[in-house]
Every structure is written in C-alpha cells, then in structure tokens.
1. Please calculate the 1.4 Å probe accessible area of A:THR137, with all protein chains present, and give it to the nearest 10 Å².
2. Percent of Cα-Cα pairs per 5 Å bin, from 0 to the last occupied bin, for the stretch B:82-188, please list those.
3. Mind giving me the nanometre distance, one decimal, between the label points for B:THR186 and B:ASP134, set 7 Å out from Cα along Cα→Cβ?
4. Counting helices only, and only those DSSP H runs with n ≥ 4, report the 222 nm mean residue ellipticity of chain A as the sum of -39,500 (n - 2.57) divided by its residues, in deg cm²/dmol to the nearest 500.
5. Under 19 Å Cα to Cα from A:LYS69, which aspartates and glutamates show up? Leave out anything in the same chain fewer than 8 places away.
6. Quick check: from the Cα gyration tensor, does chain B come out rounded (a/c under 1.5), prolate or oblate?
7. Could you please state how large a percent of the accessible area of the stretch A:1-145 is carbon and sulfur, counting protein chains only and using a 1.4 Å probe?
8. Can you return the lysines within cross-link range of B:LYS141? Criterion is Cα-Cα under 26 Å, with same-chain partners fewer than 8 residues away left out.
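The values are calculated or read from the model by the stated rules, or taken from the named source; none is laboratory data. If you're wondering where the values come from, they're calculated on a predicted model, not measured in any experiment. Cβ coordinates were reconstructed from backbone atoms using ideal geometry, including for glycine residues, and neighbour counts include every protein chain displayed. Each accessible area value is taken on the protein alone, full model and side chains, heavy atoms only, with ligands, DNA and RNA left out. Shrake-Rupley method; radii C 1.70, N 1.55, O 1.52, S 1.80 Å.
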Amino acid sequence: MIYLQMFFSFFQIGLFSFGGGYAALPLIQGQIVDLHGWLGMEEFTDLITISQMTPGPIAINAATFVGTKVGGVLGSVVATMGCVLPSCILATLLAKLYLKYRKMDLLQGVLHSLRPAVVALIASAGISILLTAFWGTGAAVALERTHWAMVGIFAVCVFLLRKARLSPILVMVLAGVLKLGISLLGG
Amino acid sequence: MKEKNGALLWKLFFSTFYLSAFTFGGGYVIITLMKKKFVDGYHWIEEEEMLDLTAIAQSAPGPIAVNGSIVVGYKLLGLRGALVAVLGTVLPPFLIISLVSVFYSAFRENYVIGQLLEGMQAGVGAVIASVVYDMAAGVVKEKNPASLAIMAAAFGAACLLEVNVVLVILACGLLGVARTLWNRRTRV
C-alpha cells in the first residue's frame with residue numbers, strides 16, 4: 001500500500017538524517033529517487049530549489065511535496081507525519097534523559113563519528129545533482145554532450161558564493177536568470 | 001510562569017508557528033531565533049539550559065528546527081508542549097509546499113520558469129558544493145585520521161559503490177559507539 005510505503009520511507013529519512021540542513025538530502029535521494037522513483041532527479045533538484053526559497057526544513061518540504069504528488073492531501077499528511085515521528089520520539093526521549101542526568105557523552109561520541117560520514121554523503125548527493133545539471137537525466141557522461149552553459153553558471157555561482165559571499169538564495173536566483181538569458185539569446 | 005497552561009500552550013503554538021513561517025536559512029538560524037524569543041524575550045528557559053537543549057536538538061536525528069521546538073516544548077509543558085510545538089513548526093512549511101505542489105506542474109511547463117528552474121539546478125549544485133567544502137574543511141582541520149578515513153570510506157561507499165545511505169550511517173554510528181566505549185576504557 002502506497003501510504004504505508006511513503007510513511008515508512010519518510011520515517012527512515014527522519015530517523016537517519018543526523019546533523020540538520022543538508023544531511024537529509026542523501027536520504028531523500030536514496031528513498032524517493034533511487035528506491036521508489038517517486039521523483040526524477042530533475043524534480044528532486046527543483047524540490048531543493050523550492051525548499052531553499054521557502055521556510056521550513058528540506059525533509060518536511062520533501063515529505064509534503066512527494067506526499068501530495070503521490071497520494072494527494074492524505075499522502076502529504078501521512079508522509080509528513082512519518083518524517084516527524086522519529087524526531088518526536090527521540091528528541092523527547094533525549095530531552096527527558098538530559099533533564100534527568102544532564103550528561104550525554106556516548107551520544108556526542110556517536111555524532112563525532114557520524115559527522116565525517118554525513119559530509120561525504122552530502123557530497124555524493126551534490127555530485128548526482130551536478131551530473132543531472134551538466135548532462136541531463138540518465139544521459140551518459142560524455143564530453144561532447146556537456147551542457148557548457150550550465151557548467152559556466154555553476155562556476156560563476158561558486159565564485160559568487162565563495163569570493164563575493166552572496167547569500168545562497170540570491171545566487172540561485174541569479175543562476176536561474178543567467179540560464180534564461182542564455183536560452184533567450186539563442187542557446 | 002504564572003499563566004495558565006492553556007494560555008501558555010497557545011503562546012507556544014503561535015511562537016513556533018511564527019518562527020517557522022518566517023525563518024529562511026535552515027535549522028541553525030531558527031535555533032538562534034528560538035533562543036532570542038524563549039530565553040531573552042519570554043524568560044521561559046535559562047540561557048545555560050538552552051545551550052544544552054540546542055545540543056540535544058542537533059544530536060537527535062531529523063530536522064533541527066523540529067527537534068528544537070520539541071525539546072523546548074517538552075521542557076516547558078511536557079509531552080503536550082512538545083506536540084503543540086511540533087504542530088506549530090510543521091504547519092507553515094506543510095501549507096506552503098502543499099500550495100506549491102498544486103501549481104508545480106503548470107509552473108514547470110512554462111518556458112520562462114522552466115529555464116529559471118533549470119539554471120537554478122547549477123545554482124543548487126554550487127550551494128551544496130560550497131557547503132560540503134566548508135564542512136569537509138572542518139573535518140580535515142581536526143587532523144584526526146579516523147575521521148578522515150570515515151569520510152573517505154563513506155564517500156566511496158555512497159558515490160562509487162552506491163551502497164544504501166542508511167547502511168552507511170548505521171555503520172558509522174556503530175563505529176562511533178565502539179570508539180567512545182574504547183576511549184572510555186583507555187581513559188580509566
């Protein structure tokens with residue numbers, strides 16, 4: 001049953017994304033794009049774009065978006081609840097333990113080992129996104145089929161983020177405008 | 001905290017709803033704003049305690065904004081407080097994205113918006129690359145060989161071997177338990 005499947009998928013996303021922010025990306029990609037195919041890589045990237053420009057955690061946005069697409073209003077409620085439930089259980093439990101004992105060194109130790117892994121996983125998700133951006137969905141990576149305009153926009157964006165220190169939202173909007181400009185000029 | 005619990009619950013709900021609806025830029029930003037509101041504004045929580053609650057919010061799995069509101073709600077009003085705070089935090093993005101999803105396909109087929117979104121893919125890629133660079137630099141600066149090995153191994157497993165992300169996280173979590181227990185034993 002699709003609702004149960006979605007609930008369980010987003011439960012896993014909620015349960016295994018440590019570190020907030022982008023940490024949920026690789027999990028969302030794994031469950032939603034790779035495993036169940038509820039979104040294509042392009043839609044997934046659109047979703048991240050939308051998430052960046054609206055308030056709220058990416059995981060919640062993803063749950064609502066995928067839930068609506070696959071199962072309407074009921075789907076979005078089920079997926080969002082699945083996504084939040086692990087937090088409800090574990091954060092409450094940790095708060096309870098903390099208010100009682102005020103010590104959590106084992107947990108800190110686990111997080112210390114998870115952090116480098118999470119960085120690597122986010123990097124891996126980022127690479128999938130760039131592959132789609134530069135070569136299109138599912139296309140083979142070949143030099144002559146590269147969308148050079150996208151590579152150029154990527155380079156400009158990295159420069160604006162690292163050197164000019166512009167805000168991510170502004171940089172993304174500029175990336176969109178650049179692409180539109182290039183296409184209108186005859187790309 | 002002399003107000004009646006009911007009034008306090010409503011105040012908690014509106015506070016978390018408001019913070020969630022107007023916070024762009026992810027979990028860390030919203031935690032800072034929560035501190036401003038609940039510690040400096042309402043004096044519901046002590047400064048020191050808020051720091052520890054923040055640590056818990058970052059340690060628990062799931063979105064930091066959600067965890068933050070859960071621990072604050074729980075600290076203030078127990079389980080009811082946690083539930084009300086979660087509802088307040090989740091509703092704004094839920095409503096906004098529901099609306100967006102309804103219009104998404106129509107939007108996507110529009111030529112101008114399609115091109116904008118396509119260009120933004122390169123932008124998102126750049127944002128993630130930049131975030132990864134900062135995070136990886138933090139790990140490298142630690143100069144801990146085990147952390148570097150974990151980072152390299154996790155990358156190889158996920159990107160090259162396409163191992164399930166959940167497995168990678170479970171393995172690294174278990175490794176963390178082992179490392180902590182080992183350190184404890186050698187320290188004593």
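1. Estimated to the nearest 10 Å², A:THR137 gives 80 Å².
2. Going out from 0 Å in 5 Å bins, the stretch B:82-188 shows 2, 9, 9, 12, 13, 12, 15, 13, 7, 4, 2, 1, 0, 0 percent.
3. 3.3
4. Values: 7 runs with 140 residues, N = 187.
So the helix-based figure for chain A works out to -26000 deg cm²/dmol.
5. Straight-distance partners of A:LYS69: A:ASP34, A:GLU42, A:GLU43, A:ASP46, B:GLU109.
6. On the way: a/c = 2.28, a/b = 1.10, b/c = 2.08.
Note, shape of chain B comes out oblate.
7. Numbers: 3790 of 5500 Å².
Carbon with sulfur: 69 percent of the solvent-accessible area.
8. Answer for B:LYS141, where 26 Å is the Cα cut-off: A:LYS163, listed by chain and number.
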